[in-house]
Amino acid sequence: MAADLDGSERDLVAEFCRRAAPILAQERGLTTACRVKLAGLAHSLGLDERQMAAALRQLGSSANAAPHVQRFRNRLRKDLTGKTRAILGPTVIERILTAARQKYDLEEAVARQVLDEVAAELHLTCITPTGAIEGLAVQIDQAVGQATWLAREGWDRLRSAGVAWGIELEVVDELIEERLAANRADQVRRRLWTGLTVGAVSMAALLTVALVGLAMVRQAASRRGQEAAMPEPLFPPAAPSPARPAAVPPWWDVELAVEASRLRPQLAAWPALAKSWDDLIAPQAERRARAYEQWLAQATTLAAADRSHALQRLLAGCYALDPSDQAAQRLVEALQPWLPSPGQPLPSAASGWQPALWAAETAAWMLRRSSFSPRAETLRQALSRRLGEHLPTTTADETAERLAQLTVRAAYRQLATAAAEQPSQVAALVARLRAHADRLPTQERLALDTELLVAALPTAHDTWQAYQQAMIAVTTAADAQYALRLVELLRRLPHEPLYAYLSNLLADRAGLRPLPADRGQAVVALRKALGGSAALTALDRWYLLQTAVAPLLAAAPPTDEARLIGQTAQVAHYGTLAAALVQGEAGWPLFDAGIGKPPSIQVPPPTLSAGSDAKPALATPPAPLRPFSKSPARRREVARALELLRSSGTVATLQRENGGRMLVNLVSEGERPGPSEAAQVARALWTPRAPEEHARLLVWLAVLREWWQLLLAVADHLPAEGTLRPQPREIVGVLLDRPVEESATTGEIKQRLIAHVVETIQRQVLTEQTQLVDPLDQLAAALAQTYRDRAMLWQVPLGRLTGPTS
């Protein structure tokens with residue numbers, strides 16, 4: 001900038017700063033050489049001392065923002081972060097200042113200013129040499145007391161403390177000697193005064209006796225009442241000396257003594273803790289262990305504002321330094337009950353989880369103070385067992401945050417475990433726990449809320465309103481996976497108001513209106529709308545079976561013979577479907593094909609005689625003949641199923657199974673693809689398969705046999721002559737519903753397939769013409785078919801499944 005040298009102080013200072021900038025950069029800060037050059041520049045510009053001081057202050061603020069100052073600040077912050085001790089002694093400070101001068105070329109004043117700022121930011125205390133000597137003098141006073149000599153063990157501890165404070169050993173020895181010499185001189189003075197006092201008192205007593213005797217002789221007649229008179233003592237009794245503070249245990253270090261000095265003034269507000277102070281510093285390990293238990297029992301019941309960090313640091317220091325491993329272990333055992341764990345008693349609704357988080361913070365201080373020692377690993381393992389998760393070794397700040405997160409997660413698991421047995425207590429604690437859940441990442445919080453809702457809502461009943469905020473958070477989350485978990489929960493909610501509330505939340509989230517009235521249909525519709533699988537799950541299938549069987553089991557056995565026969569056929573049919581579900585995914589196609597088609601026993605009209613030659617109709621008529629659907633979506637599903645069926649290689653086994661499952665579902669729903677699709681399936685059937693995959697294929701073919709065009713396509717793809725291998729022969733046997741002999745030629749097998757197709761079409765025509773037969777014959781056919789299907793689920797050979805059906 002252009003300097004206006006008109007004599008104005010501001011312009012002079014600005015000009016000085018402009019010219020001083022290159023000097024400051026060249027000298028890398030306000031060094032001694034830099035200050036000399038700046039003084040010459042100020043003299044040349046005519047700045048007086050006041051203007052020079054203002055300019056230097058402005059330059060000092062600029063110097064603190066210099067890159068090398070920032071590098072020193074960053075390095076200092078990195079070195080001091082996570083420091084296990086909260087005190088920086090003179091020795092450490094001197095090393096820091098020396099490094100600042102040698103590595104960063106900083107003046108002591110600038111380096112000291114940066115150190116003070118970083119220490120304040122990290123909550124560290126910088127001890128000056130004067131403060132260190134004063135602190136050590138307090139420890140010497142407490143260790144020596146009124147003694148005139150000090151044992152070597154105590155002397156060595158004080159020397160170690162002096163080194164920790166950054167004081168030379170010679171200075172420590174001199175301070176101890178001064179204290180002992182003062183005690184000896186004080187003892188000599190007390191002995192001298194005691195001797196003088198005793199002599200004076202003795203002489204005074206003799207003189208008094210003499211005077212009294214003389215007075216008694218002279219005044220015996222007139223003043224008898226003065227015989228017992230005694231003069232006042234010449235020396236009043238000495239006032240009791242003030243009690244000295246109790247000496248701290250010899251195993252305490254400087255930092256623990258400082259924390260104790262900070263905590264002692266607060267004990268007046270904590271009478272229960274003040275009573276056990278003597279036990280806390282007692283030499284007996286058992287007394288100290290009881291004190292730890294009493295302090296934790298009292299401290300965790302105080303108001304949150306009264307829980308002092310000094311108390312936590314004091315207990316942490318005691319855990320790290322206590323010479324007794326048993327006492328330290330008692331401290332850990334007293335701390336653990338305040339941490340949550342599944343199966344443990346729940347906290348009160350009044351205190352909530354605040355004591356647990358306070359205990360977790362105390363444990364973090366204990367780990368910090370005992371870091372790199374066996375006790376730290378012992379405590380870490382105890383916390384991992386209590387909280388149910390591994391606590392890794394991290395920095396001090398990360399450990400505190402990690403412990404708080406583990407505590408919140410353990411609290412969630414504790415509530416989920418107790419939800420079934422204590423629904424009202426859990427409902428009263430949900431809001432208090434969710435207030436601390438912001439310590440967790442969003443996805444983790446949503447997952448825990450979801451697990452808690454799944455565990456608690458089925459037994460919540462009238463307390464379900466306590467979970468409203470959690471339900472809203474889960475159903476409105478961006479990721480629909482959490483809402484999908486609640487969709488599966490809808491079936492298990494016996495409380496109708498809760499079901500209505502949650503189903504409406506999910507319907508709003510999915511944009512699905514109106515919601516189906518049936519719960520099973522509502523679950524499937526919501527799952528599909530939320531992006532989940534539209535196919536039925538195992539739980540869906542069990543629910544459909546339950547709703548189908550429930551009316552049969554609830555009703556009384558019918559007395560009418562025709563109704564009894566019909567109910568018997570249906571119960572056997574549903575038993576086979578249950579057996580299919582037990583088999584897992586391998587039995588799902590058979591279940592899907594039969595759940596909507598229970599056998600129906602039809603009573604013949606009176607005009608039809610029992611001996612009629614009418615051909616028996618199937619108890620479960622085949623699906624009506626209809627052309628392949630013209631729906632583009634259906635055609636795409638068939639094309640996808642055929643594509644999966646054509647997959648080759650062992651790695652494609654799962655794809656072929658998925659394709660077969662899709663095709664079975666389509667056929668069971670009444671779809672009948674055309675000849676070209678049937679030809680593709682027939683070609684895929686001849687692909688060699690592993691025994692397990694072949695067994696599942698046979699179960700699916702029991703459903704596909706009603707697709708008569710598939711049978712014609714299989715007949716077209718048979719070789720012109722010869723016999724079939726075992727797997728193709730079993731496939732044809734399932735399609736024909738009867739075994740094929742090993743000696744049967746391909747020509748004979750082709751004729752049987754065509755004859756079976758003709759018979760299937762004839763039965764369809766008879767069914768459409770309502771040709772009915774005797775109900776017992778219909779029941780026999782229905783039972784034979786359902787038991788054959790059930791036997792195939794257990795891979796019974798096809799030859800054993802044929803025989804008499806009457």
Note to self: If Ala147 satisfies all but one of (1) modelled with pLDDT under 75; (2) on the phi < 0 side of the Ramachandran plot; (3) assigned to a loop (DSSP other than H, G, I, E, B), what's the number of the condition it fails?
What the structure shows: (1)
Next item on the list: Test each condition in (1) surrounded by 19 or more Cβ atoms within 10 Å (Cβ to Cβ); (2) assigned to a helix (DSSP H, G or I) for His694 and report the one that comes out false.
Entry: (1)
Next item on the list: Kindly provide the set of residues from segment 420-441 that are in a helix (DSSP H, G or I) and either open to solvent by 10 Å² or more (accessible area, probe 1.4 Å) or free of Cβ contacts under 8 Å to residues at least 24 places away in the same chain (or both), ordered by number.
Entry: Pro423, Ser424, Gln425, Ala427, Ala428, Ala431, Arg432, Arg434, Asp438, Arg439
Check: What number of residues within segment 669-687 are more than 20 Å from Pro589 (Cβ to Cβ) and under 49 Å from the mean Cα position of the chain (by Cα)?
Finding: 0
Next item on the list: Tell me which of these Pro739 doesn't satisfy, since it passes every other one: (1) in a loop (DSSP other than H, G, I, E, B); (2) closer than 21 Å to Ile595 by Cα; (3) touching a Ser or Thr at 6+ places or on another chain (Cβ under 7 Å).
Entry: (2)
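Is it the case that segment 660-671 has a residue that's open to solvent by 30 Å² or more (accessible area, probe 1.4 Å), in a helix (DSSP H, G or I), in contact with a helix residue (DSSP H, G or I) (Cβ under 8 Å, 6 or more places away or on another chain) and not basic (Lys, Arg)? Explain how you work it out, then say what you get.
Going through segment 660-671, the residues open to solvent by 30 Å² or more (accessible area, probe 1.4 Å) turn out to be 661-662, 665, 669.
With in a helix (DSSP H, G or I) added as a condition, the list becomes 661-662, 665.
Next cut, in contact with a helix residue (DSSP H, G or I) (Cβ under 8 Å, 6 or more places away or on another chain) only: 661-662, 665.
Those still in the list that are not basic (Lys, Arg) too: 662, 665.
Yes: segment 660-671 contains one or more residues that are open to solvent by 30 Å² or more (accessible area, probe 1.4 Å), in a helix (DSSP H, G or I), in contact with a helix residue (DSSP H, G or I) (Cβ under 8 Å, 6 or more places away or on another chain) and not basic (Lys, Arg).
So for segment 388-400 (the condition being free of Cβ contacts under 8 Å to residues at least 60 places away in the same chain, over 30 Å from Arg368 (Cβ atoms) and open to solvent by 30 Å² or more (accessible area, probe 1.4 Å)), does at least one residue qualify?
Of the residues in segment 388-400, the ones free of Cβ contacts under 8 Å to residues at least 60 places away in the same chain are 388-394, 398-400.
If we keep only those that are over 30 Å from Arg368 (Cβ atoms) too, we end up with none.
Taking every residue of segment 388-400 in turn, none turns out to be free of Cβ contacts under 8 Å to residues at least 60 places away in the same chain, over 30 Å from Arg368 (Cβ atoms) and open to solvent by 30 Å² or more (accessible area, probe 1.4 Å).
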Notebook entry, point to check: Among the residues of segment 84-106, is any under 50 Å from the mean Cα position of the chain (by Cα), at pLDDT below 70 and small (Gly, Ala, Ser)?
Noted result: yes
Notebook entry, point to check: Which one of Arg375, Arg380, Arg385, Arg369 is under 21 Å from Tyr292 (Cβ atoms) and open to solvent by 50 Å² or more (accessible area, probe 1.4 Å)?
Noted result: Arg385
Note to self: Quick check on my filter: what residues within segment 671-694 are over 13 Å from Glu643 (Cα atoms) and of a type in the set (Asp, Glu)?
What the structure shows: Glu671, Glu692, Glu693
Note to self: For segment 531-584, give me each residue that is modelled with pLDDT under 80, among the β-branched types (Val, Ile, Thr) and assigned to a helix (DSSP H, G or I).
What the structure shows: Thr547
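Can you give me the number of residues within segment 330-345 that are touching a Ser or Thr at 6+ places or on another chain (Cβ under 8 Å) and without any contact (Cβ under 8 Å) to a residue 40 or more places away in the chain?
Pass one, segment 330-345, residues touching a Ser or Thr at 6+ places or on another chain (Cβ under 8 Å): 332, 335, 338-340, 342-343.
After this cut, where a residue has to be without any contact (Cβ under 8 Å) to a residue 40 or more places away in the chain as well, the list is 335.
Number satisfying all stated conditions: 1.
Return yes or no: is Ala382 assigned to a helix (DSSP H, G or I), under 20 Å from Trp251 (Cβ atoms) and modelled with pLDDT of 90 or more?
On the way: assigned to a helix (DSSP H, G or I): yes; under 20 Å from Trp251 (Cβ atoms): no; modelled with pLDDT of 90 or more: yes.
No; evaluated as a whole, the condition is false for this residue.
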Item checked: Test: Thr417 is assigned to a helix (DSSP H, G or I), under 30 Å from Ala466 (Cβ atoms) and open to solvent by less than 10 Å² (accessible area, probe 1.4 Å) -> no
Margin query: Return the pair list, or none, for Cβ contacts closer than 7 Å from residues in segment 777-788 that are closer than 14 Å to Val571 by Cα to residues that are in a helix (DSSP H, G or I) and β-branched (Val, Ile, Thr), at least 6 apart or on different chains.
Written below: Leu779/Ile565; Leu779/Thr568; Thr786/Thr576
Note to self: Within segment 275-315, take every residue that is open to solvent by less than 70 Å² (accessible area, probe 1.4 Å) and of a type in the set (Ser, Thr, Tyr) and give me the one that is modelled with the lowest pLDDT.
What the structure shows: Thr300
Margin query: Given (1) within 17 Å of Gln405 (Cβ to Cβ); (2) more than 21 Å from the chain's Cα centre (by Cα), identify the lone condition not met by Ala349.
Written below: (1)
Margin query: So, in segment 251-265, how many residues would count as being of a type in the set (A, V, I, L, M) and modelled with pLDDT of 80 or more?
Written below: 3
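Check Ala221, Ala268, Ala228 and return the single one that is open to solvent by 80 Å² or more (accessible area, probe 1.4 Å), modelled with pLDDT of 60 or more and of a type in the set (Gly, Ala, Ser). Reasoning before the result, please.
Values: Ala221 fails: modelled with pLDDT of 60 or more; Ala228 fails: modelled with pLDDT of 60 or more.
After applying the criteria, what remains is Ala268.
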Next item on the list: Kindly indicate whether Arg729 is modelled with pLDDT of 80 or more, part of a helix (DSSP H, G or I), open to solvent by less than 50 Å² (accessible area, probe 1.4 Å) and of a type outside the set (A, V, I, L, M).
Entry: yes
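The values are calculated or read from the model by the stated rules, or taken from the named source; none is laboratory data. Because the structure is predicted, anything quoted here is derived from the model rather than measured. Glycine gets a Cβ as well: all are built from the backbone with ideal geometry, and neighbour counts include every protein chain shown. Areas reflect the complete protein model, heavy atoms only, side chains present, ligands, DNA and RNA absent. Shrake-Rupley method; radii C 1.70, N 1.55, O 1.52, S 1.80 Å.
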